[in-house]
Each structure stands twice: as C-alpha cells, then as structure tokens.
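Worksheet: the structure to be examined is printed underneath.
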Ligand SMILES: [Zn+2]
C-alpha cells in the first residue's frame, strides 16, 4: 500500500548537473520506491483516489537521505585516550610510534569475536539513521590479516542484513602494515594481493577495494598493485590519496579508473585535471582535518571550478574523525572549504551516490529510485549547516519505511 507525504514546505531534489530542483508545497507518493514526486496539487488528488495512507510533513523541508560515502565503522573501541594525549601536546606520529593509532585499533579488533563486533556496530547504525544518513559505505581495515579482514566484512554483512541502514562494503586490507610484517612489508602486500583480495571477492563480501596511499604507508606503486588486483577480481577501486602529503594518489585514481579518491588535502593541479577527465569523484573529509588539528583543507573551490564532482563524508573512525554527524561536515565544508550551502548539500546526497556508483537508485528522489528521504525540523536548508553540531532531523524514511520519528529510532 503506497503512502503520500503531503504538506512539504520545500522539497530540494539534487540534479546531476550539481543544481537542485526546488518545489514548494510538494508531496511524495511512495512505497519502497518513489512513485511520484512533485507539487501537492498534482500528487494529492491522485493519492486520495487510490486510498493511500496520507502523512503530513507540516510544512518542513524534505531532502533525499544523506549518503555517507566514506566510513570505518567496524572498530572495537573508541580511542579517547589518544585524543587526550594529543590535547596535551603529543603528535599523531608520536602516538603511532608508541603503538597507538590504527595499530591500536587492530589489536582491539583482533581480540573481539565476530558476534561481539556485530553487537557493537548495530547501535552505530542507529546513530547514522538519526543523523539522516540512509546509505553508508563501510570499510574493513582494522584486521590486516586474511581471517580478521573477512571477520570484519562478514560482521558488516550481518549488520546490513538485520538493519534498515544500507551498508556498502569496501575491503581496506591495505590500510596499514600490521606489526608482524613491519620488517617485511613486501610480504604483507603479497598476503593482500594473493589471499585477502581473492577471498573477499569470492565470498562476495566487498564491492570496492581501497588503499591508504601515503608516505610511510603504501606507495603509489604498491597502491597500483593493490587496486589493479582488486579490479581483476571485480572490486571497484577507491583510494585514500594526498591526505597528509602529496604522493600522486589522485593521478593514480584517474589511471586505474577509481570510483572516487578521498581526502585530497594535498592534491596537485594535475591530479585535479586527471580526476575530472577520468570522471573520478572527489570525496572530501574536512572532519579529519579539523579533528587532527590540521589547517590544510582540500581545494574544493578549485575542484568545482574545474568541473569536478564532489562528495562529502564523515570518515567516521576512532582515530581521526569520531563523528557520524554528516550535517556537521556540511558546516565544515561551507566554513573551511568555502563550498556554498547547496553545493555541500548536493555533495552529501547525490555526490555521495556518485562516489558509490549508486546514483541510479539513491541520492535524489525520482520514480523508481529508493524512497530514502529526510524530513527536517525546519523549512529552510540554510539551517542545516547554520545550527552546527546540532541534530535537526525529524523523520527519516528508508526504502519507504519510517525508521526515525521525532529524532528517535522507530
Ligand atoms: Zn578513511
């Protein structure tokens, strides 16, 4: 039985060209998918004839559900102790050198059973929904061995199977060199290429293959081997590139035909050009810049001027960005990356869908696309970044089902 959401004060619907269709006094007719979407005077009479259930948006703003296209939610513990150490003056590098950082998340993840990991992740998935996020890309990368990477991916699959939030899994076995291979990094690369990638692909546990291309982690040459191997097994490349230093990761993203390259705080002019030409999405993560106390933001204005497609994501992870509030990331993109409010909102909806190559079914509201949308607590989209750090989500619909009512999980 379809439902009609009537009395929408403003409906903002992202278009492929980066702009929005804007409809006042709108209504949406939907079941699991959007059936029709437009002005209330056209949609409502149709709904009344068919005996559809009618719900009232009370004049509020409706947008597509937010798409968080870069997260690391499969971790065991938050790392608040490291935040305190940094707060007292230790650097991220010093903390990593003394066994903290990603390697500490690896130790705690390995000590956790798959069942326990599922139990820890489920409340995090509720939190994404409460922030109006209806689709999340989720990476492994804290296991760093065949069994442990597969454990994370299986836990992600189990969570996705029992929760309304949609999880898109990414294999990130090349996130760091694990302690046991510190003296023989070449050997770990062999494990990734010959064991972990084939097993993740054969068990259909990942759609994307990602790598942390950074000085001291994986070089451009090593990253190329990881991503090309992933491709041979049907995994679409993604890459953490040019985050803390310039490495040429963006150029590599273009070369291998990645869906997206992420961070890009130190991207070169050539890197931008190549990514635009190759149609690679620029996934910007300004939350990680703020939280690490850094000052160099990705050059969003230059990217947009050159015609790049931008996605904004939380980078939710226990080290550099422990937030699930994508609306707050929109604020950071406006303030620090000088994106306009509408550019940032586009990047957190349809832009995210492009980064996941799911723009045919999520990211905007059109017939046959998923009925994933948010009713906000006001009718003016400028308040999304303006009320920074606040959660102004009222209702969330995922695949046509009400999953958040008055800000709470249904
Ligand atoms: Zn990341």
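The values are calculated or read from the model by the stated rules, or taken from the named source; none is laboratory data. Since the model is a prediction, treat every value here as computed from it, not as a measurement. Virtual Cβ from ideal backbone geometry, glycine too; neighbours counted across all protein chains shown.
When you go through 264, 252, 244, 235 one by one, which is the residue that is under 15 Å from residue 170 (Cβ atoms) and touching a residue at least 24 places away in the same chain (Cβ under 8 Å)?
Working: 264 fails: under 15 Å from residue 170 (Cβ atoms); 252 fails: under 15 Å from residue 170 (Cβ atoms); 244 fails: under 15 Å from residue 170 (Cβ atoms).
Criteria check complete, one pass: 235.
Does residue 226 fit the bill of being within 16 Å of the ligand (Cβ to nearest atom), assigned to a helix (DSSP H, G or I), farther than 15 Å from residue 262 by Cα and in contact (Cβ under 8 Å) with a residue 24 or more places away in the chain?
Numbers: within 16 Å of the ligand (Cβ to nearest atom): yes; assigned to a helix (DSSP H, G or I): yes; farther than 15 Å from residue 262 by Cα: yes; in contact (Cβ under 8 Å) with a residue 24 or more places away in the chain: yes.
Against the criterion (within 16 Å of the ligand (Cβ to nearest atom), assigned to a helix (DSSP H, G or I), farther than 15 Å from residue 262 by Cα and in contact (Cβ under 8 Å) with a residue 24 or more places away in the chain), residue 226 qualifies.
Tell me, which strands (runs of 3 or more DSSP E) wholly within segment 1-89 include 1 or more residues that are under 26 Å from the mean Cα position of the chain (by Cα), surrounded by 19 or more Cβ atoms within 10 Å (Cβ to Cβ) and in contact (Cβ under 8 Å) with a residue 40 or more places away in the chain? Break it down stepwise before answering.
Working: elements: 3-14, 20-30, 34-39, 53-56, 61-64, 66-71.
Correct list: 3-14, 20-30, 34-39, 61-64, 66-71.
Hey, any hits in segment 349-358 for a residue that's in the same structural domain as residue 264 (by TED's automatic domain parsing), over 30 Å from residue 34 (Cβ atoms) and crowded, with 24+ Cβ neighbours inside 10 Å?
Scanning segment 349-358, I find no residue that is in the same structural domain as residue 264 (by TED's automatic domain parsing), over 30 Å from residue 34 (Cβ atoms) and crowded, with 24+ Cβ neighbours inside 10 Å, so the answer is no.
A quick yes/no check of all residues on (1) modelled with pLDDT under 95; (2) assigned to a loop (DSSP other than H, G, I, E, B):
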{"position": "160", "(1), (2)": "no, no"}
{"position": "183", "(1), (2)": "yes, yes"}
{"position": "187", "(1), (2)": "no, no"}
{"position": "190", "(1), (2)": "no, no"}
{"position": "206", "(1), (2)": "no, yes"}
{"position": "209", "(1), (2)": "no, no"}
{"position": "222", "(1), (2)": "no, no"}
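Restricting attention to segment 211-223, and to residues there that are touching a strand residue (DSSP E or B) at 6+ places or on another chain (Cβ under 9 Å) and under 19 Å from residue 289 (Cβ atoms), which single residue is nearest to the ligand (Cβ to nearest atom)? Step through it out loud before you land on a result.
Applying the first criterion (touching a strand residue (DSSP E or B) at 6+ places or on another chain (Cβ under 9 Å)) to segment 211-223 yields 211-214, 217-220, 222-223.
Filter once more, keeping what is under 19 Å from residue 289 (Cβ atoms): 212-214, 217.
Values: 212: 8, 213: 12, 214: 11, 217: 12 Å.
If we take residues in segment 211-223 being touching a strand residue (DSSP E or B) at 6+ places or on another chain (Cβ under 9 Å) and under 19 Å from residue 289 (Cβ atoms), then 212 is nearest to the ligand (Cβ to nearest atom).
Just one of the numbered conditions (1) in contact with a helix residue (DSSP H, G or I) (Cβ under 9 Å, 6 or more places away or on another chain); (2) more than 16 Å from the ligand (Cβ to nearest atom); (3) touching a residue at least 12 places away in the same chain (Cβ under 8 Å) is not true of residue 350; which one?
So residue 350 meets the others, but not (1).
Could you give me the residue pairs with C-beta distances under 7 Å whose first residue belongs to segment 95-122 and is on the phi > 0 side of the Ramachandran plot, whose second residue is buried (at least 19 other Cβ atoms within 10 Å of the Cβ) and part of a helix (DSSP H, G or I) wherever it lies, and which are 6+ apart or on separate chains?
101/95
Which helices (runs of 4 or more DSSP H) does segment 262-347 wholly contain that include 3 or more residues that are away from the ligand (no atom under 16 Å from the Cβ)?
Details: elements: 269-278, 286-291, 300-305, 326-336, 341-347.
So the answer is 269-278, 300-305, 326-336, 341-347.
When segment 133-149 is examined, which residues are found to be surrounded by 22 or more Cβ atoms within 10 Å (Cβ to Cβ) and in a helix (DSSP H, G or I)?
Here is the first cut: in segment 133-149, the ones surrounded by 22 or more Cβ atoms within 10 Å (Cβ to Cβ) are 133-144, 149.
Within segment 133-149, 149 is the sole residue that qualifies.
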